[in-house]
Amino acid sequence: MYSPFPLLRLPGVVLCEIFKSLKIGEKIKLSLCSKKVSIQINNARLYSQKVIVDLDRLCHKIKVYSENNKDSFEIFVHFNYGICDPNSIKVEGRTLSVISVLHGIKTFWKNHQEGFLSVIRHLLKIFRCKFSIYNDFYSDLYEKTISELFNLQVEFKTLTIHFKRAGDQHLFWNQISNKLGLVEDLLISSTFDSDFIPVFTSWPQNINILNSDWFTLESLLTCPCTTITLWNSSLGNKDLDEILKNWKSGGFPNLERLIIHSHRIRNNGTTILGMNLEEMVIQTDDGSKKATFKLGYQSIEMSVTVSQ
Amino acid sequence: MTSPASSSEVKYLIESSEGNTFDVSGAALRQSNTFNAMFLNIGADGPIPFTDYNEATLKKVFEYCEHSVNEENYSGPKHQDDLSKWDLNFFNEMDQKMFIDVINASNFLDIERLTSYCCERIARMLRGKNTQEMIKVITLPTAEELEAKQKVEEKKAAAAKKVAEKAAETAEKTETLEELPVQQLVQTTRNKLTRKYLSFSNE
């Protein structure tokens, strides 16, 4: 149509409308045009859509996608081996080469970690972001990235915690344990040292612990999560008695689903709260909620519904 | 000059930056939320001063409004491919300067449908392009140009204030309507418009 078009001469509200109608990738590419354009896009951040940012250090990839997953864009963060691109652009004050690829762009940085964090910072200015980290624990820089993200007060869609070295456990846990309120789904895949039991000073919305033998009954009774999944737990039928008594009297106020896998859970005619496990349907003392159970081999799944 | 009771039949006088006046139907004017907030219920005594925009621009904007009077209620931005032949001709007839003036005026008058179509047209220029191609599509302004833009925004804020004052003046003269609610309406609108334009001119 009109080219070149003086985009930045338009009023702020009009620019905001234009940015709203752009796709995620178009907005990111436009933000790389110049600092002035970037500032205008950042000014409209509050009106921007919420996006989920998947950090995948293993594949050197940051995937940005909409909550309905209909719109996505990938940013690859590569090490620059000296490629000189005359069309280089600036991101967060660093000059770098950018190449367009199918569904995204490749960016080349002199410092890989700095590149990753710079892209994250750039995205945070454009969008309202929620982060997901699945397999980053293979990277040496995993903990540094998570700490930085927590410092930036970002929200996490999914956070996977896995400690590579035993020595890192105390320090790292202390850094993040009071910030887990920013996490929607927490997956803990580490096996902890016997002398270290993580203490939660804040809780995510949903928690899934793969090796949960360290997660005691006392910890569970204080857990306000909506979904709790414990694998390889050391809890047994007696503990279930305690858990359900607590729930009946108003404990676990947010609980919608509890899944426990434990070799100590037996379904051999034993009862919980005086009832046979197979037929159990219980209600809270005030009658406001109902819980039903599914039994598996060494596992129990409790689903809570609000009573009619 | 105007009657609030039958605004679709009445004509309103609009004053442009050149000081010229021309008629616009109430039905067309009602597509402007700015107008609705300030004049619809109280009427206007004398020409409505949209003096930040020239006659050609205002006529183009209201040409669009007159055309869309009989269209169905606006239900969010349409894809460019869904635009009617008339809409496409309307946009294609404009040169770049007129297009920008129309966006600015439509934005000030808060004509949702027209502003949205204009924005979609600009977004379309950027679609499917990489960063280097986008840089070629948009002209990046110099510091002087940005400063000039800020001055324009400040001028618009002043114009908004002037229009609001005119509305307030009209409200004071309108004795047949309940006095207090009208004054409150005008005051709220004046504050809202002034805040809106000052906030963007400060960016």
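Assorted remarks:
- No other residue among A:SER21, A:SER72, A:SER88 is more than 18 Å from B:GLU133 (Cα to Cα), without any contact (Cβ under 8 Å) to a residue 12 or more places away in the chain and polar (S, T, N, Q) apart from A:SER21.
- Given (1) open to solvent by 20 Å² or more (accessible area, probe 1.4 Å); (2) more than 9 Å from chain A (Cβ to nearest Cβ); (3) at pLDDT below 75, index of the condition B:MET98 fails: (3)
- Taking segment B:107-124 as the range and being within 7 Å of another protein chain (Cβ to nearest Cβ), aliphatic (A, V, I, L, M) and within 14 Å of B:PHE91 (Cα to Cα) as the test, only B:ILE122 passes.
- Test: residue in segment B:158-171 that is at pLDDT 75 or above, within 14 Å of chain A (Cβ to nearest Cβ) and in contact with a helix residue (DSSP H, G or I) (Cβ under 9 Å, 6 or more places away or on another chain): yes
- Annotation for segment B:19-26: at least one member residue is at pLDDT 90 or above, buried (at least 17 other Cβ atoms within 10 Å of the Cβ) and among the hydrophobic types (A, V, I, L, M, F, W, C).
The values are calculated or read from the model by the stated rules, or taken from the named source; none is laboratory data. Quick caveat, the model's predicted, so the values are computed rather than measured. Glycine gets a Cβ as well: all are built from the backbone with ideal geometry, and neighbour counts include every protein chain shown. All accessible areas refer to the heavy atoms of the entire protein, side chains included, with ligands and DNA or RNA removed. Shrake-Rupley method; radii C 1.70, N 1.55, O 1.52, S 1.80 Å.
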